Amino acid sequence: MRLRVIGIGPGGARQITLEAVDAIAGTDVFLFLDKGSRTSELTAVRQQMLDAHARPGHQVVAVPDPPRDRDPADYEAEVRRWHTARVDALDAAIDEFLPDGGTAAFLVWGDPALYDSTLRITDRLAERRSGLHVEVIPGVTSASSLTAAHGIVAHGVGEPVLTTTGRRLATTPDGADLNQIVMLDSALAFRETAHPDDTVYWGAYLGTEHEILMSGRVGDVAEEIASARSQARERLGWIMDIYLLQRAR
């Protein structure tokens, strides 16, 4: 039994690799964690990819995503509990829908190795199922899509780049804050942590028809970005965004 984790890029239906196309074509059952109507457009984009590249007769199985506390007292404990519930649900779906010797796959936004929990879930599935082989197909990252869309290099000559989350932005140590790519930041924490003279490059819905790009001095554009993000999320019901924060030289 084979289980594939296929990176499909940040949202554009054409931002998948030839390796991902081949992996999709060789899969019997596609497993989705269904998050309800608010992400129906994302589901539609994945379905477009399957319509274009999957083999005839493939099956799509939507598994209801277990509920999660978004503001828990113990964040790591809540994530562990949520992951366990996801593993249980997906394990049951594999039992029900995947034939012996078949191949199942998850389609993962961006790249499976960067701020995504799918590989942790497949590791636990492999612990439960002897003989389950997990195969990972890398994907275009939202970070590379962001810098490409803005036409920039993420760092100065020889400088490091730190990839972090909005939750951890305030704790970035001095010396690591020259260039920071920030993900999972619904609060746009840079408005509180960055110097007004720092530069921010922000993007949402990268690679899609809804793509929004904004950049500039933090003191000039921070609230414009916050307003654009709020309006876009209200209009579409979902948002995926990322930004690069560069310290003023």
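Criterion first (touching a Leu at 6+ places or on another chain (Cβ under 8 Å), in a loop (DSSP other than H, G, I, E, B) and not small (Gly, Ala, Ser)) does Glu135 satisfy it?
no
Find all pairs meeting these conditions: Cβ atoms under 8 angstrom apart; at least six residues apart or on different chains; first residue within the stretch 101-123 and within 11 Å of Arg4 (Cβ to Cβ); second residue of a type in the set (Gly, Ala, Ser).
Thr103/Gly26; Ala105/Ala23; Val108/Gly7; Val108/Gly139; Pro112/Gly7; Pro112/Gly139
Out of Ile24, Ile16, Ile6, which single residue is out of contact with any strand residue (DSSP E or B) (no Cβ under 6 Å at 6 or more places or on another chain), crowded, with 18+ Cβ neighbours inside 10 Å, modelled with pLDDT of 90 or more and in the same structural domain as Leu114 (by TED's automatic domain parsing)?
Ile24
I'd like the residue in the stretch 59-73 that is surrounded by fewer than 16 Cβ atoms within 10 Å (Cβ to Cβ) and in contact with a strand residue (DSSP E or B) (Cβ under 9 Å, 6 or more places away or on another chain) and, out of all such residues, is farthest from Ala85 (Cα to Cα).
Of everything passing the filter in the stretch 59-73, Gln59 is farthest from Ala85 (Cα to Cα).
Any residue that is out of contact with any helix residue (DSSP H, G or I) (no Cβ under 7 Å at 6 or more places or on another chain), surrounded by 17 or more Cβ atoms within 10 Å (Cβ to Cβ) and outside any helix (DSSP H, G or I) - is there at least one of those in the stretch 119-131?
So far as the stretch 119-131 goes, no, none of its residues is out of contact with any helix residue (DSSP H, G or I) (no Cβ under 7 Å at 6 or more places or on another chain), surrounded by 17 or more Cβ atoms within 10 Å (Cβ to Cβ) and outside any helix (DSSP H, G or I).
I need every pair where a residue in the stretch 194-222 that is under 22 Å from Arg233 (Cα atoms) and in contact (Cβ under 8 Å) with a residue 60 or more places away in the chain has its Cβ under 7 Å from the Cβ of a residue that is among the polar types (S, T, N, Q) and in a loop (DSSP other than H, G, I, E, B), sequence separation at least 6 or different chains.
Pairs that qualify, where the first residue is under 22 Å from Arg233 (Cα atoms) and in contact (Cβ under 8 Å) with a residue 60 or more places away in the chain and the partner is among the polar types (S, T, N, Q) and in a loop (DSSP other than H, G, I, E, B), are Gly207/Gln15.
Would you confirm whether any residue within the stretch 165-174 is assigned to a helix (DSSP H, G or I), buried (at least 17 other Cβ atoms within 10 Å of the Cβ) and of a type outside the set (Val, Ile, Thr)?
There is at least one residue in the stretch 165-174 that is assigned to a helix (DSSP H, G or I), buried (at least 17 other Cβ atoms within 10 Å of the Cβ) and of a type outside the set (Val, Ile, Thr).
Mind listing whichever residues of the stretch 146-171 are more than 22 Å from the chain's Cα centre (by Cα) and among the polar types (S, T, N, Q)?
Thr171
Would you tally the residues in the stretch 1-58 being in a loop (DSSP other than H, G, I, E, B), closer than 20 Å to Ile121 by Cα and touching a Phe, Trp or Tyr at 6+ places or on another chain (Cβ under 7 Å)?
So the count comes out to 1.
The values are calculated or read from the model by the stated rules, or taken from the named source; none is laboratory data. Quick caveat: nothing in here was measured; it's all calculated off a predicted structure. Neighbour counts run over all protein chains shown; Cβ positions are idealised from the backbone, glycine included.
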